[in-house]
Structures are given as structure tokens and as C-alpha cells.
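First the structure, in the form of C-alpha cells, and then the observations on it.
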Amino acid sequence: MHHFTTVAAFVAFLGLVGASPVELTERKPTFSIHQVEHKRFAKNGPAAMVKTLRKYGKEVPQHVISAAAAGPTGSVSARPADAYDSEYLCPVSVGGSTLNLDFDTGSADLWVYSSLQPTAQRSGHDIYTVDPTKKVSGSTWKISYGDGSGAGGTVYADKVVVGGVTATSQAVEAATSVSAQFQDDTDNDGLLGLAFSSINTVSPNPAKTFFDNVRTSLAAPLFAVTLKYHAAGTYDFGYIDTAKYTGSITYVNVKTTNGFWEFTSTGYAVGSGSTVSTSIDAIADTGTTLLYLPTAVVKAYYAKVTGSSNSASYGGYVFPCSATLPDFTAIIGGSRQTVPGKYINYAPVTDGSSTCFGGIQDNTGIGFSIFGDIFLKSKYVVHENRGSTPRLGFAQQ
Ligand SMILES: O=C(c1ccc(-c2ccco2)nc1O)N(Cc1ccccn1)C1CC1
């Protein structure tokens with residue numbers, strides 16, 4: 001972009017456009033100079049602040065200097081898609097269009113509704129309009145999720161911006177077809193996977209997640225998840241926000257062999273009951289709504305809920321919506337991570353029913369426990385990958 005900084009340059013410009021200063025003043029024409037974005041400008045707020053303070057000879061606080069020296073950081077809102085926090089959606093710029101994506105730490109594909117789908121499938125959705133010049137030749141993707149939903153399509157390399165953090169050449173997996181469950185979910189324009197790139201489904205060459213693409217350039221190689229109960233939370237990239245949690249963060253090492261943010265909880269407690277020591281293999285998964293735990297743990301929990309039962313017809317534990325639910329505590333890294341009982345009432349089994357579906361359910365058939373939104377929405381969870389030994393950090397909101 002050309003910046004006119006001197007009168008001489010300005011007059012030279014008039015010469016270029018064939019107008020003399022006198023002529024201009026007589027006819028007083030109007031003209032505008034259209035600014036274009038500087039394509040390679042990485043947004044760094046602290047650096048801009050340092051520049052301004054120094055320009056006016058002001059003192060620059062040390063914490064601003066050190067933040068400026070760091071890489072980019074960013075934050076994006078995560079809004080509940082419905083009254084029951086079934087999923088959380090975040091606005092993302094994909095190839096210049098804003099789509100609302102479900103950030104999913106349990107999968108590793110960034111896939112979007114697209115112009116490749118039949119128009120009936122994509123009505124009500126924001127879509128990514130593919131640019132054939134950006135197609136990744138020969139690549140396809142296909143994913144299936146634990147609830148039986150799924151999608152598939154082809155791949156494009158395009159610019160993706162999340163909370164001001166830019167991946168300039170992100171693998172954007174454009175859907176050619178999505179399952180009925182996704183078609184019915186008209187708020188959701190796709191998923192942004194934040195698990196490990198080892199489980200990305202692009203073939204023949206697996207793609208990197210957004211986090212893996214920006215990780216080493218961020219001020220710190222981490223993102224932090226703050227989901228909230230019936231309220232908007234955030235996904236922060238590159239920094240820890242001490243205003244978003246109380247007490248301290250307890251870290252545990254992550255096992256990445258299955259591609260998930262997988263960790264071990266060493267025990268649990270129901271309400272004010274005593275702690276039961278038992279090893280629980282679990283994953284943190286923002287893309288899963290509920291908290292799936294081993295059979296014995298779930299039985300011990302609902303033994304304390306009057307009127308609860310494991311309903312074959314509703315496919316899980318239910319109880320009277322008026323029930324008082326005990327808190328649930330998981331021991332992680334030696335710390336007590338407690339979920340308020342109120343958060344464990346997920347939703348009425350059908351609109352208006354006085355029977356409610358439990359937020360804690362049995363993990364039989366999954367192969368591990370899943371700490372989904374029911375657990376996560378009372379926590380501040382740091383997902384750190386320094387390259388070796390990724391870690392999860394848990395703190396109370
Ligand atoms: O939905 C998934 C899920 C995510 C990603 C993949 C996948 C296939 C290929 C690459 O990733 N497959 C899944 O199934 N849940 C949650 C879940 C919930 C209930 C039952 C089973 N699972 C994965 C995180 C555990």
C-alpha cells in the first residue's frame with residue numbers, strides 16, 4: 001500500500017493522474033485512495049502498543065515489551081448452540097467467509113459446509129465457497145463420530161483466522177456430503193478439530209490441525225478452553241488468562257497414542273462422600289456433550305439420586321427434573337476437580353417433560369471415559385504441546 005507522506009509526493013501523484021494543482025482547486029474534484037490489507041501482517045497487539053508509546057516518548061512497561069517480543073495470541077467466543085449447552089459454536093473466518101464452527105478437542109479435522117453440497121443439504125447454513133485454484137489435488141476426507149454422525153468431501157488450502165490468529169494455508173475440508181444429524185443442526189457450519197493431527201482423516205496425506213499450524217508461532221504453544229454453563233465462554237490461543245480461573249492450575253501428562261488429549265484420573269467422589277481410589281483412563285473432549293464414566297462410578301453416582309433409573313427406552317440414566325443432584329469430583333493430578341450437581345442435569349428427555357436426562361452416563365462401548373462439556377464447563381483447561389510430553393492443566397473457573 002502506498003502511503004503519501006509528503007506534499008511533493010502528493011504533487012507528483014497529481015502529475016501522474018494528469019491534473020495540475022490549479023486545475024484541481026478550480027474543479028474541486030473528489031477522488032478516493034482505497035487501502036488494501038497488508039497480507040503478511042501478523043497481528044500483535046502488544047507490539048503495536050510498544051510502537052505507539054515509543055512514538056510519543058512514553059515509558060513502556062516491561063510486561064508489554066515481553067508480550068510484544070512474543071508471537072501472536074488470540075481469543076474467540078464459544079457460544080452455546082441451544083438452551084442445554086449441547087454444543088458450543090465459535091465464529092471463524094474461512095477463506096474470507098465467517099462460519100460458526102464446533103471446536104472439537106476430540107477430533108482433528110477442520111471441515112466445513114460448502115458449495116459442493118446439494119443445496120437442500122446446506123440450507124440454513126453459512127458455507128465455504130470453494131475456489132478451484134486452491135484445491136489440494138487428489139485429497140479426500142471422511143470421518144465418523146461416536147454418535148453415528150459423519151461427513152466427507154474434498155480438500156482446499158486456504159486462509160483461516162481464529163480470534164485474530166491466522167493460519168495462512170490451512171487444510172479446509174469442504175463437505176460434499178454430511179449425515180442427517182449434521183443437516184438437522186442448522187447452527188453448526190462444521191467442526192474445527194483440536195485433537196492431535198495423527199488422527200486427521202485426509203487421504204492420502206493427512207493434514208495438520210489449525211493449532212498444529214500456528215502452534216510454534218504463538219507466544220506460547222498452548223490453547224486454553226473456558227466453556228460455561230448456559231453462557232458464552234472462550235478459546236484462547238497462545239496465552240494463559242489468570243482472570244479466567246481461581247486457585248492454581250494442576251497439570252497432568254497426556255498420552256497421545258490414540259490421538260486424543262488422553263489422561264488418567266486416579267479416583268472420584270460423589271457429593272460429600274469419601275474419595276474412591278481407582279484408575280480412570282479418560283480424554284478431554286469439547287465435542288462431546290456429556291460426561292461418560294465407568295459403569296461402577298456411574299452406578300455409585302445415581303445411587304445418590306432419588307428416583308433415578310437406567311432407562312433402556314431413553315438410552316441412559318434419567319431422573320425427575322426436580323431431583324437434587326450431588327456434585328461429582330474427579331481426582332486429577334492429585335487435585336479435586338468438582339462439577340456442581342446442577343450441571344449434571346443435562347436436559348428434559350423431550351421438551352416439557354418432567355423426566356430429565358443425566359449429564360453423567362456409562363462409557364460402555366467407547367473404550368475409555370470422556371470428560372465432555374458437562375465436566376469442562378466448570379473448568380479452565382490448558383492444552384499445552386511444547387513438542388514433547390503434551391500436558392493438560394485444570395483449574396476451577
Ligand atoms: O465422536 C468421537 C470421535 C471423534 C473423532 C473420531 C475420528 C475418527 C477418525 C478420526 O477421528 N471418531 C470419534 O468417534 N468421539 C466421542 C465419542 C462419543 C461417544 C462414543 C464414541 N466417541 C471420540 C473422542 C472419542
Inset, instruction - Might you check whether a residue that is touching a residue at least 60 places away in the same chain (Cβ under 8 Å) and either touching a Lys or Arg at 6+ places or on another chain (Cβ under 7 Å) or hydroxyl-bearing (Ser, Thr, Tyr) (or both) occurs anywhere in the range 56-73? - result: yes
Inset, instruction - Name the residue, out of Ala171, Ala151, that is within 20 Å of the chain's Cα centre (by Cα) and either within 30 Å of Tyr292 (Cα to Cα) or among the basic types (Lys, Arg) (or both). - result: Ala151
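Let me confirm something: among Ser149, Ser137, which residue is within 14 Å of the ligand (Cβ to nearest atom) and either surrounded by fewer than 21 Cβ atoms within 10 Å (Cβ to Cβ) or not aromatic (Phe, Trp, Tyr) (or both)? Reasoning before the result, please.
Values: Ser137 fails: within 14 Å of the ligand (Cβ to nearest atom).
On inspection, the qualifying residue turns out to be Ser149.
Within the range 101-134, track down each residue that is in a strand (DSSP E or B), out of contact with any Cys (no Cβ under 7 Å at 6 or more places or on another chain) and away from the ligand (no atom under 12 Å from the Cβ). Before you say what the answer is, go through the steps one by one.
At the first step, the residues of the range 101-134 found to be in a strand (DSSP E or B) are 101-104, 110-112, 114, 128.
Now narrow it down to the ones that are out of contact with any Cys (no Cβ under 7 Å at 6 or more places or on another chain): 102, 104, 110-112, 114, 128.
Within the range 101-134, Leu110, Val112, Ser114, Tyr128 meet the criteria.
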Inset, instruction - Can you work out which of the residues in the range 179-198 that are more than 14 Å from the ligand (Cβ to nearest atom) and more than 20 Å from the chain's Cα centre (by Cα) is farthest from Glu87 (Cα to Cα)? - result: Ala180
Inset, instruction - Search the range 255-267 for residues that are within 14 Å of Phe371 (Cβ to Cβ) and pair each with any residue that is within 9 Å of the ligand (Cβ to nearest atom) and acidic (Asp, Glu) when their beta-carbon atoms are under 8 Å apart and the residues are at least 6 apart or on different chains. - result: Phe260/Asp285; Trp261/Asp285
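Could you list, in sequence order, all residues of the range 172-198 that are assigned to a loop (DSSP other than H, G, I, E, B) and open to solvent by 10 Å² or more (accessible area, probe 1.4 Å)? First the steps, then the outcome.
Our first condition is that a residue be assigned to a loop (DSSP other than H, G, I, E, B); within the range 172-198, this holds for 179, 185-189, 194-196.
Answer for the range 172-198, where residues must be assigned to a loop (DSSP other than H, G, I, E, B) and open to solvent by 10 Å² or more (accessible area, probe 1.4 Å): Ser179, Asp185, Thr186, Asp187, Phe196.
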Legend entry - Residues of the range 156-174 that turn out to be within 12 Å of Tyr113 (Cα to Cα) and within 15 Å of the ligand (Cβ to nearest atom), as a count: 1
Legend entry - Complete set of residues in the range 339-395 that are acidic (Asp, Glu) and open to solvent by less than 10 Å² (accessible area, probe 1.4 Å): Asp373
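Among Ser279, Ser308, Ser248, Ser265, which is the only one that is farther than 19 Å from Val382 by Cα and either open to solvent by 40 Å² or more (accessible area, probe 1.4 Å) or within 28 Å of the chain's Cα centre (by Cα) (or both)? Steps first, answer last, please.
On the way: Ser308 fails: either open to solvent by 40 Å² or more (accessible area, probe 1.4 Å) or within 28 Å of the chain's Cα centre (by Cα) (or both); Ser248 fails: farther than 19 Å from Val382 by Cα; Ser265 fails: farther than 19 Å from Val382 by Cα.
Answer to the check: Ser279.
Is one or more of the residues making up the range 242-251 within 16 Å of the ligand (Cβ to nearest atom) and of a type in the set (A, V, I, L, M, F, W, C)?
Initial filter on the range 242-251 (within 16 Å of the ligand (Cβ to nearest atom)): none.
Checked the range 242-251: no residue is within 16 Å of the ligand (Cβ to nearest atom) and of a type in the set (A, V, I, L, M, F, W, C).
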Legend entry - Positions within the range 288-331 being within 16 Å of the ligand (Cβ to nearest atom), more than 10 Å from Gln361 (Cα to Cα) and in contact with a Ser or Thr (Cβ under 6 Å, 6 or more places away or on another chain), in sequence order: Thr289
Inset, instruction - Considering only residues that are in contact (Cβ under 8 Å) with a residue 12 or more places away in the chain and over 18 Å from the mean Cα position of the chain (by Cα), look in the range 199-215 and name the one that is least open to solvent (accessible area, probe 1.4 Å). - result: Val202
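The values are calculated or read from the model by the stated rules, or taken from the named source; none is laboratory data. Just so it is clear, the structure is predicted and the values come from calculations on it, not from any experiment. Cβ sites come from the backbone with ideal geometry, for glycine too, and all protein chains shown count toward neighbours. Heavy atoms of the whole protein, side chains included, go into the accessibility calculation; ligands, DNA and RNA do not. Shrake-Rupley method; radii C 1.70, N 1.55, O 1.52, S 1.80 Å.
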